[in-house]
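Enquirer: Let me give you the structure first, and then I'll get to my questions.
The values are calculated or read from the model by the stated rules, or taken from the named source; none is laboratory data. Just so it is clear, the model here is predicted, and its values are computed rather than measured. We place every Cβ from the backbone using ideal geometry, glycine too, and count neighbours over all the protein chains shown.
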Amino acid sequence: MILKTNTFFGLLILCLSSSEAIEIKVATYKEKVATYEINSSEKIIDLKTKIEITQDIEIQDQELYLNTIRLDNEKRIDHYVVNEGATFTLYVIAPDDDDGDKWKNDTEELFGSLKDNPFSQPKHQIKIRRTETKQIEVLFPGEAGSFYSLERSANMKSWFAPRILIIGNGGTLKYTDQGSRKVYFWRAKKI
């Protein structure tokens, strides 16, 4: 069984010469490293197949980019202008993350990001709404693995944190103000 996860890989060209073969190094953010050799006349899908075999990532779960250009599976490596030191980026997509950028689709939609573009990020902003039970919900995007402090103030001078530490998961973080009848200013600080 192949496990689907939101994983980020950086592909870096190590050796580019006039010869046909290109050696690339694939490094995950978890420090797992693999080296691949691909012929410049091979198709992008061939590189993805090599990654699939060694990394347990299905081809349909991969989106490969050169800078901000999404690479077409059926085009050859030499179709793209690849200079020495160029960086390929592989995004692994998941059911709740169409572009593999580690932001959940619903969060990207709520905070003005494109859910099918890994270079489009949710705006760091707070949204406030009233629930059916007249409670106040405070919503903001939480980057996976980042720490936040949600604070409120009646005068924008002194701030109080009703929740000390919130850990982002790539989704929308939500705090419900249970009983207060006061009007507050809210801020979410990345710490």
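Enquirer: Tell me yes or no: at least one residue of region 51-60 is in a strand (DSSP E or B) and at pLDDT below 85. Give the derivation first.
Expert: Start the filter on region 51-60 by keeping residues that are in a strand (DSSP E or B), which leaves none.
The answer is no, given that none of the residues of region 51-60 is in a strand (DSSP E or B) and at pLDDT below 85.
Enquirer: Just a yes or no: is a residue in region 118-132 assigned by TED's automatic domain parsing to the domain that holds residue 21 and free of Cβ contacts under 8 Å to residues at least 24 places away in the same chain?
Expert: Going residue by residue through region 118-132, those that are assigned by TED's automatic domain parsing to the domain that holds residue 21 are none.
Scanning region 118-132, I find no residue that is assigned by TED's automatic domain parsing to the domain that holds residue 21 and free of Cβ contacts under 8 Å to residues at least 24 places away in the same chain, so the answer is no.
Enquirer: Still on this structure, I have one more. Could we say that residue 37 is acidic (Asp, Glu), touching a helix residue (DSSP H, G or I) at 6+ places or on another chain (Cβ under 8 Å) and at pLDDT 70 or above here? Talk me through it step by step, then tell me what you get.
Expert: Details: acidic (Asp, Glu): yes; touching a helix residue (DSSP H, G or I) at 6+ places or on another chain (Cβ under 8 Å): no; at pLDDT 70 or above: yes.
So residue 37 fails the test.
Enquirer: If a residue must be exposed (fewer than 15 other Cβ atoms within 10 Å of the Cβ) and either hydroxyl-bearing (Ser, Thr, Tyr) or more than 18 Å from residue 124 (Cβ to Cβ) (or both), how many such residues does region 163-191 contain?
Expert: Here the count works out to 8.
Enquirer: Which members of region 140-187 meet the condition of being of a type in the set (Lys, Arg) and touching a residue at least 40 places away in the same chain (Cβ under 8 Å)? Before the answer, list the steps.
Expert: Going residue by residue through region 140-187, those that are of a type in the set (Lys, Arg) are 152, 157, 163, 174, 181-182, 187.
If the condition is that a residue be of a type in the set (Lys, Arg) and touching a residue at least 40 places away in the same chain (Cβ under 8 Å), then 187 is the only one that fits.
Enquirer: Residue 17 versus (1) at pLDDT below 60; (2) under 30 Å from residue 169 (Cβ atoms): which is the lone unmet condition?
Expert: So the condition that residue 17 fails would be (2).
Enquirer: Please find, among 96, 56, the residue that is in contact with a Lys or Arg (Cβ under 9 Å, 6 or more places away or on another chain) and either over 17 Å from residue 24 (Cα atoms) or among the hydroxyl-bearing types (Ser, Thr, Tyr) (or both). It would help to see each step written out before you state the result.
Expert: On the way: 56 fails: in contact with a Lys or Arg (Cβ under 9 Å, 6 or more places away or on another chain).
Within the list 96, 56, the selection yields 96.
Enquirer: Give me the residue from region 148-162 that is closer than 18 Å to residue 129 by Cα and surrounded by fewer than 17 Cβ atoms within 10 Å (Cβ to Cβ) and, out of that set, modelled with the lowest pLDDT. Let's see the steps before the verdict.
Expert: Quick first cut of region 148-162, residues closer than 18 Å to residue 129 by Cα only: 150-154, 162.
Cutting the leftovers down to surrounded by fewer than 17 Cβ atoms within 10 Å (Cβ to Cβ) gives us 153-154, 162.
On the way: 153: 94, 154: 93, 162: 83.
Out of the qualifying residues, it is 162.
Enquirer: Taking the residues in region 77-111 that are over 22 Å from residue 145 (Cβ atoms) and at pLDDT 80 or above as candidates, determine which candidate is surrounded by the fewest Cβ atoms within 10 Å (Cβ to Cβ).
Expert: 81
Enquirer: Select from region 112-146 the residues that are buried (at least 19 other Cβ atoms within 10 Å of the Cβ) and basic (Lys, Arg) and list them in ascending order.
Expert: Answer for region 112-146, where residues must be buried (at least 19 other Cβ atoms within 10 Å of the Cβ) and basic (Lys, Arg): just 115.
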